[in-house]
Structures are given as structure tokens and as C-alpha cells.
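Visitor: Encoded as C-alpha cells, here's the structure I'll be asking about.
The values are calculated or read from the model by the stated rules, or taken from the named source; none is laboratory data. Model, not experiment: these values are computed from the prediction. FYI the Cβ positions are ideal-geometry reconstructions off the backbone, even for glycines, and counts take in every protein chain you see. Areas reflect the complete protein model, heavy atoms only, side chains present, ligands, DNA and RNA absent. Shrake-Rupley method; radii C 1.70, N 1.55, O 1.52, S 1.80 Å.
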Amino acid sequence: MSKKEMIPMNSYTALKDFNLAEAMASELSGMDVSFDRVTIPAAGGTAFELPGELPGETEAAKEFTGVILYHHPMFTYYRERFTGGNNAPDCGSYDGVTGTGNPGGSCGHCPLNQFGSGENGGKACKNKRRIYILREGELIPILLTLPSGSMRDFSVYVKRLLAKGKKSSSVVTKFSLQKATNANGIVYSKAQFAVDRALTPEEITYIASMVEQVKSFATRVNYDDASAEMIDPETGEVLSPLN
């Protein structure tokens, strides 16, 4: 019986007796505990690459749904132009407030985090956002890392939810992609967000526990563990390391 057959679909009530930390400690002790990733394609592609059922497999999807358990900034600065690999950034931040590394310190006052410090008027420090998503019928979240070109749409989506008294963790979100072109004529893929359905009061209770568990993991996931190949819509350059 497959995982999807064992876990009730179209519901998050299976989280009732599930503890992510305990499950990972007992079943994945000594093994790689990074989360599977969603890949945003380059050059304006409109299909995500989602984790497949078997190791190393992926499946293309025009859209998918899931609850946003947690999201946070992820800033990365590479002194040398990034061309691929697993190199850690020279400076990075999980909160968008304080950078660790060289130069480190306040992100808000860092000259590398200002427009014009990078190529084509962009920032030398790349501002992305990491999103932990739990799909219905699953118990372990997947990761989506938003490049700068998708940040505004995500911000608008979250603010619209808040205006209605909802959090991103209280609804099932539908994720899709749109082909876009920036002022420099570079074509890129921009993520889109919409409410698929509201969670039931029972589901919200179980999701709340999972949210707290994921928050405790967030800063322990390396920068490259959640980074898929993404193209900066401002410059066309590869943004992030590939595993």
C-alpha cells in the first residue's frame, strides 16, 4: 500500500497524532533530513517540478495545492558570480534582518542589499523567500524557494489573506506559474497564488502544531538544501546552488 493510500486525502486530520521531530529522529537518524524541493523552471516555463514517488524522480505539474506552514526570508550573497555547485554563500540570512558571514551585520543597512549594487541595477545580495508547504495526503512538507520576481505577488497574496482575518496556514493555497518578461527583456517564471479552500476548524488545530514543529527546523536547513536552480528576473543569472 502506497503512502497516498494509507493517508486520508483531501484532509489534514491525519496530523492529529503525528510528530514531525519524533518521526524524523526515529526513522531518519544519521541520514539526510533535508526536505524535498519544488523547482521553478527557467526561461518562462509554466510547469513546476515536484518530487516524485521514487527517489530521484520528479513530476511536472502546471499547478499544485498545499498549506503554507511557514515562510521566511532567505538572503544570499556570493562574492564571485555564482555558476553552480554546492558552495555556501559568503553571507546569508534566514530572517532578512541580520546577515552571517562576510560582510555580515544589518541587512537593512548593507550596501550589497541595495538596488544598484548588482548587475543591471539589481541587488548583489539576492532576496528570496523560503516556503514550507504541506500537501494534502502527506505528512512531511516540501520546500519552494521564491526568487525576487515572485516576491511582490506573494506579498500581495498574504496581505489579502490578512485583510480577511486569515493566515497563510489557515487555507489551502493553489500554486501556479505565469510567464513574465522584465524591463531588460529577460523572460522568467513568476509564481502565482490563490486560495483553493479554507481549512476546517479541526484541520487548523492540527496544522498549528505542525507549524511550530517546522519553525524549529527552519534555521537548521542549509541554504543549498532548499535551493533549486532559479533565474534572477533582473539579470538572468543562476541564483542558487544545486544539490
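Visitor: Quick one: in segment 166-196, of everything that is part of a loop (DSSP other than H, G, I, E, B) and of a type in the set (S, T, N, Q), which residue is surrounded by the fewest Cβ atoms within 10 Å (Cβ to Cβ)?
Guide: Per the stated criteria, the residue is 184.
Visitor: Let me ask something additional. Which residues, taken from segment 197-214, are in a strand (DSSP E or B) and either within 15 Å of residue 131 (Cβ to Cβ) or of a type in the set (A, V, I, L, M, F, W, C) (or both)? Break it down stepwise before answering.
Guide: The initial filter retains those residues of segment 197-214 that are in a strand (DSSP E or B), namely 197-198.
Of everything in segment 197-214, just one residue is in a strand (DSSP E or B) and either within 15 Å of residue 131 (Cβ to Cβ) or of a type in the set (A, V, I, L, M, F, W, C) (or both), namely 198.
Visitor: Separate question: Taking residue 216 as meeting all but one of (1) surrounded by 17 or more Cβ atoms within 10 Å (Cβ to Cβ); (2) modelled with pLDDT under 90; (3) more than 15 Å from the chain's Cα centre (by Cα), write down the number of the exception.
Guide: (1)
Visitor: When you look at residue 135, is it open to solvent by less than 40 Å² (accessible area, probe 1.4 Å), under 14 Å from the mean Cα position of the chain (by Cα), of a type outside the set (Val, Ile, Thr) and closer than 30 Å to residue 16 by Cβ, yes or no?
Guide: Yes; evaluated as a whole, the condition is true for this residue.
Visitor: Next up: Would you mention how many residues in segment 104-152 are under 23 Å from residue 42 (Cα atoms) and part of a strand (DSSP E or B)?
Guide: 14
Visitor: Quick check on residue 85: is it open to solvent by less than 60 Å² (accessible area, probe 1.4 Å), more than 30 Å from residue 200 (Cβ to Cβ), out of contact with any Phe, Trp or Tyr (no Cβ under 6 Å at 6 or more places or on another chain) and at pLDDT below 90?
Guide: It is true that residue 85 is open to solvent by less than 60 Å² (accessible area, probe 1.4 Å), more than 30 Å from residue 200 (Cβ to Cβ), out of contact with any Phe, Trp or Tyr (no Cβ under 6 Å at 6 or more places or on another chain) and at pLDDT below 90.
Visitor: Answer yes or no: is there a residue in segment 117-132 that is touching a helix residue (DSSP H, G or I) at 6+ places or on another chain (Cβ under 7 Å) and loosely packed, with under 15 Cβ neighbours inside 10 Å.
Guide: no
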